[in-house]
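Here the structure comes first, spelled out in C-alpha cells, and everything after it is commentary.
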Amino acid sequence: MGVGSVKTDEARFTKLVSTRPFRRVSDRRVRRELRRATFHAALAARRARNVGPSRASGDRRVTRGIQQSTRHAARALSFSISPPPSHRVRNTVLIVTGAATTVVAVVAIRSKPWQSSDDMAPAAETAAMTHDAAGDETPAPAVHTDTE
C-alpha cells in the first residue's frame, strides 16, 4: 500500500466496500439500502476492531451498527421482491397543476379583471383630490350629496 494513516485507509476502504459492488443493481432503492447496510456493517466492524473482540459483543455502537445493517439489508430484500410504487404520473400531474395555478394567479393579479373602468375612475379622482389638497394649503371642498 501507499503511505498514509490507517484511518484514511480504513475510511477509503469503507467507502469502496459500501459503493462499488452495488453499481450493477438496477433499482435505485435496492442499491441505496444495500449501500447503507454495508456502510453500517463496515462501521460496526471498525468499531469492533477498535474495542477488541472481548468487549465488542457488549458494545452499544457495535450492536447498533449491526442492527442498522440488518434493517437496511431486510429493506433491500423487500424492495427487490416487491418494490413500492414510484408515483411518477401522480408527481408529474401535481407539478404541472401547481405550475398552471401559479401562472393563472400571476395573470389574474396583473390584469385585475375584477376592477372595471367605472371603479377605477372614482379612485383616480380621489387620488387627484388628495394630491391637489396636499399641494395647496386650502382644504378640499366638501362634496354634497343633496338632491335639493
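No lab work stands behind these numbers, since they all come straight from the coordinates. All of these numbers come straight from a predicted model, not from anything done at the bench.
Our coupling estimate for the range 45-59, obtained by passing each phi through the Karplus curve with A = 6.51, B = -1.76, C = 1.60 and θ = phi - 60°, is 5, 5, 5, 5, 5, 5, 7, x, x, 6, 9, 5, 5, x, 6 Hz, Gly and Pro reported as x. The phi-based Karplus calculation (6.51 cos²θ - 1.76 cosθ + 1.60; θ = phi - 60°) puts the 3J(HN,Hα) values of the range 102-107 at 5, 5, 5, 5, 5, 5 Hz, whole numbers, x for Gly and Pro.
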